[in-house]
Amino acid sequence: MARKKHPILLVIGILCAVVLVLVIVMSVILSLTGPSKGLSFGNRIGVISIEGMIVNPEPFLKQLVEFKKDGRIKAIILRINSPGGAVGPSQEIYREVRKTIKTKKVIASMSTLAASGGYYIAAAADKIVANPGTISGSIGVIMEFVQVEDLLGKLGIGLEVVKSGEFKDIGSPHRKMSPRDREIVEGLTQEVRNQFVEAVATGRNLPVEAVREIADGRILTGARCKELGLVDSLGNFMDAVDLAKEMVGIEGEVTLVHAKKKAKSMLWELFFDEGAESLYQAIRNFLQTKVEYRWDGALK
């Protein structure tokens, strides 16, 4: 007579198989998407990457708020590789970082480039770590206008404009700027430049006049930034991690929790993302009048 299997052993076997499958699935997900706050253990430091042109602040604001609320995240590192970008988004991220440092330590780690708006954001952090050769600085404002009046004239194309005020079409590509137009625009850029200077002075605890002296748009190396008090120390990303650990009293190993990025298929990213971004930037730079915290020497 065949011996009956014990039902408890059968249940245990099924549970073990289910757990094994779950572990395998979680491992695959982790390998494809990187670490997430739900799959990391031990001491944790959040990492937010700010790369390329600063145009849309919302993902960074969301990531900062999530890390700020997560009690398991002990500190936050901003990994910056950016030439800057639009004024409003740079200021929004700066403000959120300033709010975050009231409850958590934030360290800015500069990669290849952290200029203009990229530095604007870094200045909000508790500490800044830069490579000696990081390109930074470029404290200033740039505003560009496309001008096609002569081209349209050669093509025999005219344009009639009806406006409610003399300056309603300042920056229009269809006419050259008047001296009064230029005076108004220069006043605007100086006002926004002063906002940049004050933000750096506040974030870095420097005299406003000391910042104003170098706020002429010049680029600076990380080493020169340290001499001027614009960064705290020279080092790489892992040095920034060590500094964060020291500031919050973490000893031993730490888990780096990288902010989640929206999942995309490899084919979409390969064939569409870079091309779409390049096309967008080309059209945007040609058509849009914009005031920016951006180093113009960086590739757009």
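The values are calculated or read from the model by the stated rules, or taken from the named source; none is laboratory data. Since the model is a prediction, treat every value here as computed from it, not as a measurement. Counting neighbours? That spans all protein chains shown, and the Cβs are built from the backbone with ideal geometry, glycine included.
Quick notes on this structure:
- When Glu96 is tested against the conditions (1) within 18 Å of Glu51 (Cα to Cα); (2) in contact (Cβ under 8 Å) with a residue 60 or more places away in the chain; (3) surrounded by fewer than 24 Cβ atoms within 10 Å (Cβ to Cβ), the lone failure is (2).
- Screening the stretch 38-133 for strands (runs of 3 or more DSSP E) wholly inside it with 2 or more residues that are touching a strand residue (DSSP E or B) at 6+ places or on another chain (Cβ under 6 Å) and closer than 16 Å to Gly222 by Cβ returns the ranges 73-82, 105-115, 127-130.
- Odd one out for Met143 among (1) in contact with a helix residue (DSSP H, G or I) (Cβ under 6 Å, 6 or more places away or on another chain); (2) modelled with pLDDT of 95 or more; (3) surrounded by fewer than 24 Cβ atoms within 10 Å (Cβ to Cβ): (2)
- Breaking point among (1) crowded, with 21+ Cβ neighbours inside 10 Å; (2) more than 13 Å from Gly118 (Cα to Cα); (3) out of contact with any Leu (no Cβ under 8 Å at 6 or more places or on another chain), for Val65: (1)
- Condition check for Glu149 on (1) among the acidic types (Asp, Glu); (2) surrounded by 12 or more Cβ atoms within 10 Å (Cβ to Cβ); (3) without any contact (Cβ under 8 Å) to a residue 12 or more places away in the chain: one failure, at (3).
- Count of the stretch 60-110 residues which are in contact with a Ser or Thr (Cβ under 6 Å, 6 or more places away or on another chain) and of a type in the set (Val, Ile, Thr): 2
- Taking residues in the stretch 114-135 that are at positive phi and in contact (Cβ under 8 Å) with a residue 24 or more places away in the chain, and partners anywhere that are crowded, with 24+ Cβ neighbours inside 10 Å and not small (Gly, Ala, Ser), the pairs with Cβ atoms closer than 6 Å and at least 6 places apart or on different chains are Ser116/Tyr293; Ser116/Arg294; Ser116/Trp295.
Listed here are the residues, each with its yes/no results for (1) within 30 Å of Arg193 (Cα to Cα); (2) modelled with pLDDT of 70 or more.
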site: Ile14; (1), (2): no, yes
site: Ile29; (1), (2): no, no
site: Ser40; (1), (2): no, no
site: Asn43; (1), (2): no, yes
site: Ile48; (1), (2): yes, yes
site: Pro59; (1), (2): yes, yes
site: Leu64; (1), (2): yes, yes
site: Ile77; (1), (2): yes, yes
site: Gly84; (1), (2): yes, yes
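- Residue within the stretch 163-180 that is outside any loop (DSSP other than H, G, I, E, B) and without any contact (Cβ under 8 Å) to a residue 40 or more places away in the chain present: yes
- Unique match (being of a type in the set (Gly, Ala, Ser) and without any contact (Cβ under 8 Å) to a residue 40 or more places away in the chain) among Ala223, Ala240, Ala215, Ala210: Ala210
- Residues located in the stretch 69-93, provided they are basic (Lys, Arg) and crowded, with 19+ Cβ neighbours inside 10 Å: Lys74, Arg79
- Ala125 at pLDDT 95 or above and closer than 21 Å to Val211 by Cα: yes
- Each residue in the stretch 105-137 was checked for being over 16 Å from Glu227 (Cα atoms) and of a type in the set (S, T, N, Q), and 4 of them qualify.
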